[in-house]
Each structure stands twice: as structure tokens, then as C-alpha cells.
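Let me begin by presenting the structure, written as C-alpha cells, before commenting on it.
Every number in this text was worked out from the coordinates using simple rules, so none of it is lab data. As the structure is a prediction and not an experimental result, all values here were calculated from the model. Cβ: placed from backbone, ideal geometry, glycine included. Neighbour counts: every protein chain shown.
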Amino acid sequence: MNHFTLRHGELHCEDVALATLAATLGTPLYVYSKAAIVEAFRAFDRAFAGVPHLVCFAMKANDHLAILRLLAREGAGFDVVSGGELWKALRAGADARKIVFSGVGKSDAELEAALDAGILMINVESPQELDAVERVAARRGGRAPVSLRVNPDVDPKTHPYIATGLKKSKFGIDFGEALVQYARARAMPHLDVVGIDCHIGSQLTEVTPFVDALARVRELAGRLVAEGFGLRYLDFGGGLGITYKDEVPPTPAEYAAAVQAGLRGLDCTLVLEPGRAVVGNAGVLVTKVLYRKDTAARRFVVVDGAMNDLVRPALYGSYQAIQPVRPRGGSTIVADVVGPVCESGDFLAKDRELEEVGSGDLLAVMSAGAYGYVMASNYNARPRPAAVLIDGSRHHIVRERETLEDLVRGERIPPELR
């Protein structure tokens with residue numbers, strides 16, 4: 001995370017001191033580096049310059065309008081998984097012709113919105129969904145561009161919650177059934193079969209699973225072409241990991257080099273869907289120490305950030321580095337970093353070695369740019385944090401801190417209870 005550095009004894013994002021932001025905007029606070037996002041996206045785009053390609057940012061990783069607009073201006077497309085994400089992408093200025101719609105449970109209303117917008121393609125994940133797309137397209141009197149997501153049954157060697165390419169996964173069409181479903185799709189008068197889709201999981205730290213999956217997809221593509229399918233797109237998903245602790249994931253260039261051989265001879269555009277790899281290490285969550293609590297069994301550092309602000313550690317047991325915003329270089333302790341939420345699962349770190357801290361000290365939870373704010377909630381009636389985008393020495397508030405009134409917006413008390 002080279003855009004988060006220590007200068008003059010303080011942690012900075014680009015040229016802005018995190019302590020200064022916390023003093024003016026409060027905590028917890030999400031902070032993103034514009035330069036880091038742009039560099040990561042361009043690295044992907046550059047890595048695949050030798051083949052026709054489209055980089056579609058997986059916006060489930062981070063859906064702030066400002067970040068979507070930034071990526072759209074860089075030429076990115078978008079991978080969306082809900083009608084809400086589609087709406088936000090368009091609201092941010094995305095080119096509909098660069099949007100792919102994934103996900104296992106698209107409603108008729110979502111399919112209609114996708115077709116009305118004129119998106120690039122719908123990634124179909126089941127035979128029943130294939131029927132639904134045909135029905136919706138027929139009702140509109142048009143043809144829907146579709147790609148079938150196939151499940152190659154490849155182990156991505158990642159956390160089971162984010163492994164999507166195994167036979168037991170809810171995602172995709174079983175590989176052995178793919179030819180049958182492609183034949184069904186071709187026979188449907190309101191579908192235009194334009195490609196193949198495959199995504200095996202997230203936070204992958206080696207290239208072998210990608211190579212194995214591509215080999216299977218290439219075999220299927222060859223059979224489809226032999227049967228007369230005019231495939232225009234190979235959507236190979238995302239999944240490239242980032243460094244949270246000591247992982248050494250492939251760079252985009254290394255990833256591209258590993259899969260290039262499997263792409264040779266395929267006369268189609270490669271669609272990539274990186275999410276975490278673009279924004280993960282471009283953001284941090286700044287939180288303030290409220291209390292130190294030492295018991296006979298454990299030490300706790302109680303902070304104002306909680307599982308409702310950043311759920312990954314509680315949900316996955318995942319590691320995210322934690323750094324003092326103003327390190328003093330003193331003695332260290334081993335403690336659990338916990339939040340105020342009334343759950344034993346509310347923690348940001350367990351058994352973590354930290355510099356000695358006290359009330360009022362600031363900590364930065366690193367690598368929080370992906371699956372951070374986007375998964376935040378109002379659990380325990382806690383307003384969600386503010387978020388800022390740093391551009392050199394300037395900061396822009398891209399999400400205002402929620403107020404207490406925001407917590408009840410949309411709620412109604414029945415007349416008889418007033």
C-alpha cells in the first residue's frame with residue numbers, strides 16, 4: 001500500500017495526514033487513495049494489452065459513486081450483480097455497452113432494467129434463469145445478449161465462502177450440462193448467445209487455478225465453435241488476490257502471462273472482472289481507541305469502529321493489518337481489537353501484537369478498500385461512517401456520515417400506536 005506512508009511520524013494517504021482527517025471528519029472513517037485505484041486499474045488494462053479485452057470492475061467490492069465515476073473515466077466497464085448495482089453504475093456514468101450482469105437470482109424487473117439499458121450481456125447461471133431471460137425478452141419483443149456461466153469444478157484454494165467454481169457451489173451451470181444448455185439457448189428465438197462466462201472465486205494467490213479453469217473453458221469453447229456458435233466474448237471473471245498480511249499474489253502482468261497461452265486462437269474479446277485487486281489496498285478504515293480493558297484472560301483494545309463498519313474479520317476470520325496513525329515506537333502488547341457492537345464476534349483483530357495504545361489514539365485498519373463500506377450495516381442502530389477520496393493534497397467527501405435521523409428514514413409507526 002505505497003500510497004499510505006509514514007511522514008514526519010504520521011500515517012498519510014498520499015499527501016494528507018490521516019490524523020488531520022480524523023480531527024475534522026470524525027471516526028470511524030473510510031479513506032481511499034485515488035492514485036492507488038487508478039494505478040491498479042491501469043496495471044490490469046496494460047497487462048492484457050496484447051489481446052482484445054474489456055476490464056469490468058466488479059462493483060460488489062466497492063460501489064461509491066465517486067469511485068465508479070473515476071473508473072468509468074478510465075475506460076472501465078462494470079460487473080454488476082443486482083438491479084441496484086446496475087442503477088448505480090449508470091448513475092455514475094458507466095457505458096451500458098460495457099456492463100455485464102452476473103448473479104444467481106436475477107428478478108424479472110432486474111432483467112427488464114438490464115435489457116432497457118442495453119448492457120453488453122447477461123451472464124446466465126441456471127437453466128431456469130435461461131427460461132426467465134427468454135420470457136422477459138419475448139415480452140419486450142427483442143433479443144437478449146447472453147453468456148452462460150459454466151462451473152469448471154476447479155478448486156481456487158481460497159476461503160470456502162468466496163470459492164465459486166466448485167461443483168458444490170451455487171454459482172454457474174454444471175460443466176457436463178453446458179452443451180445441452182447452450183443448445184437450448186440457441187433454440188430460443190429471443191436470445192443472442194454471445195459468450196462463455198467463468199468465475200472460480202476470490203482472493204486467489206496463485207495462477208494455477210486460473211490456468212486450470214481456462215483449459216476447461218477453452219475446451220468447451222472449441223466444441224461450441226465446432227457446432228456453429230459465434231462466440232464473441234470470454235468472460236473469465238475476477239478473483240486475483242491482494243496482500244493482506246504475507247500473501248504474495250501474482251501481479252496483473254504475471255496473471256496475464258500465465259493465461260495468455262490459453263487464449264491463443266480464441267477469436268473473441270476477453271472480459272475481466274477484477275474488484276478487490278483494484279480497490280482493496282487503496283483504502284483504510286481509521287478508528288479511534290475508546291478504552292483499554294485488561295482481564296485475567298485477555299487484553300482488549302476497544303475502538304469506535306465495529307463489525308457493522310468492517311465485517312470481514314467477523315465474517316471470514318480474515319486478517320487485516322492494523323497500524324497506529326501516530327506511532328510512538330514504544331512497547332507492544334498482544335490484544336484483541338474489538339468494537340462497541342453487542343456481539344462476541346465483533347472484532348477487527350484477535351491476539352494481535354500492537355504498539356501500546358491509550359484512549360484517543362488512532363488506528364488504521366489497512367486493506368479496507370474492498371468489501372468494507374459496501375458490506376457495512378446499521379446493526380445496533382449505528383450510523384455508517386463517512387468516506388473520503390484523497391487526490392494528492394486534497395480530500396473529497398464521497399459519502400457523508402449518516403445521522404441518527406438516517407437510521408429511521410423510511411420507517412412508519414401505525415396510527416393506532418401513535
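Here are some notes:
- Selection from C56, G9, V31 lying farthest towards where the dipole of segment 1-88 points positive, charges on Cβ: C56
- Only the Cβ atoms of Lys and Arg (+1) and of Asp and Glu (-1) were treated as charged; on that basis the dipole of the chain about its Cα centre amounts to roughly 320 debye.
- Ordering of 406-412, 111-117 by packing [mean C-beta count within 10 Å, highest first]: 111-117, 406-412
- Sequentially through segment 352-357, phi angles give Karplus couplings (6.51, -1.76, 1.60; θ = phi - 60°) of 9, 7, 10, 5, 3, 10 Hz, Gly and Pro residues having no value and appearing as x.
- Candidates N308, N380, N281, ranked by Gaussian network fluctuation over the chain, Cα under 10 Å, top entry: N380
- Ordered from longest to shortest, the equivalent ellipsoid semi-axes for segment 327-386 are 24, 14, 12 Å, each the square root of 5 times a Cα gyration tensor eigenvalue.
- Sparsely packed GluC sites (Glu not before Pro) within segment 8-78, loop by DSSP, other Cβ within 10 Å at most 16: E74
- Helix-only mean residue ellipticity at 222 nm for the chain, each DSSP H run of n ≥ 4 adding -39500 (n - 2.57), per residue, nearest 500: -8000 deg cm²/dmol
- Lys pairs, the chain - Cα-Cα below 25 angstrom, 8 or more residues apart or on other chains: 28
- Debye, to nearest 20: dipole size of segment 34-276, +1 on Lys, Arg Cβ, -1 on Asp, Glu Cβ: 380 debye
- Segment 229-322: trypsin sites (Lys or Arg not before Pro) in DSSP loop, at most 11 other beta carbons within 10 Å: K245, R264
- Distance from segment 363-416 to segment 99-158 (C-alpha centre basis), Å: 31 Å
- Residue with peak Gaussian network fluctuation, the chain [Cα springs, cutoff 10 Å], from I397, I37, I196: I397
- Segment 33-155: C-alpha gyration tensor shape, a/c 1.5 cut-off, then a/b vs b/c: prolate
- Counting other Cβ atoms within 10 Å as a rough exposure proxy, the listed residues S331, S102, S318 run S331, S318, S102 from fewest neighbours to most.
- Three-way shape label, the chain, alpha-carbon gyration tensor, a/c 1.5: prolate
- Prolate/oblate/rounded label for segment 34-276 (Cα gyration tensor, a/c 1.5): oblate
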